[in-house]
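To start, the structure under review is shown below, and the notes come after it.
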Amino acid sequence: MVDNAAIRALRTMDLIPYILENPGISIGSLAVKFSVTEKQVENDLQLIFMCGLPGYTPYELIDIVFEDGVVSVIDPQVLDKPRRFNKSELIVIALGLQILIEINKSKPAQLAKLQALSKKISKLGSSNLITFNPLATNSVFLDLIVKAISEKKHLEIQYNSLIKDKKTRRAIDPQSLYFLNGNLYLSAFDLDVRSDRVFKVDLIEDCSVIDFKDHNNSSEPTKLFEVVLDVKKSHRNFIERNSSVISSSQEKGDRFEVHIQISNIEWLKRSILSNAPGITVTSPSLFASELVESANSVLALYQA
């Protein structure tokens, strides 16, 4: 892990109370505890010598001693207690744990650890700091989907598409679950149309495991296309909504350079056209030309 100023400052604030609780601890033990090298611990201790309260005379600086590989704190100033999370940080951590609990219900070992940690986090600060309502998804198929992902099994689902206003049956290879804007989504590979798809879990009305032999062509490797887009900051919601297919995103002034790996080119065309002129194609040039032709065809219909 790259050590920057923020990481070092946070580690330093944790070092002092830990050393106070463990006087005479060795530098080697501190390195193991904080998952850093002994050299990094020594550098942090050297930094602590120059820290203290305003005035910064020898009376306000933190007094610490380390020699022969042993460390002791004489005067910690105000760093005698461990850092504590504020209320906003606790809520974010608790919500993250709750999501992990929901998608790990079929794994008893992980579930027990997550529930124990969630209970501990939810009570920090006060006994009633955080309470939970049920998550947005009420799908009865969630456990089956999670199990299929972990065991690499294929599913057949009946999906109620709100966009197309119709129900369809799909044979899919489920890949991953993720939350976005309070909703749970399933990222999967459609075995019939040979393309990536995203399904809102609440809209899955039927779900069952299917035999691999029923879809022999599913063993063929998925062909992914890499597309580089130029996205205006005003259209950053495109990046947030489609994070599952974005391999990298780099800010450049008032725009983002976004790299996408995708098999469903037609879907990407529609998405770019619906966000025009906020999104343009940088590469490949052939795809950019195809997009221009599609845009001209649509405009021609309006002109007619």
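The values are calculated or read from the model by the stated rules, or taken from the named source; none is laboratory data. Bear in mind that the values here come from a model prediction, so they are computed numbers and not experimental data. Cβ coordinates were reconstructed from backbone atoms using ideal geometry, including for glycine residues, and neighbour counts include every protein chain displayed.
Remarks
- Condition met for residue 172 (at pLDDT 75 or above, in a helix (DSSP H, G or I) and in the same structural domain as residue 194 (by TED's automatic domain parsing)): no
- Number of the exception - residue 164 against (1) at pLDDT below 75; (2) touching a strand residue (DSSP E or B) at 6+ places or on another chain (Cβ under 6 Å): (2)
- Failed criterion for residue 233 (all others in (1) more than 20 Å from residue 258 (Cβ to Cβ); (2) modelled with pLDDT of 85 or more; (3) surrounded by fewer than 16 Cβ atoms within 10 Å (Cβ to Cβ); (4) in contact with a Phe, Trp or Tyr (Cβ under 9 Å, 6 or more places away or on another chain) hold): (1)
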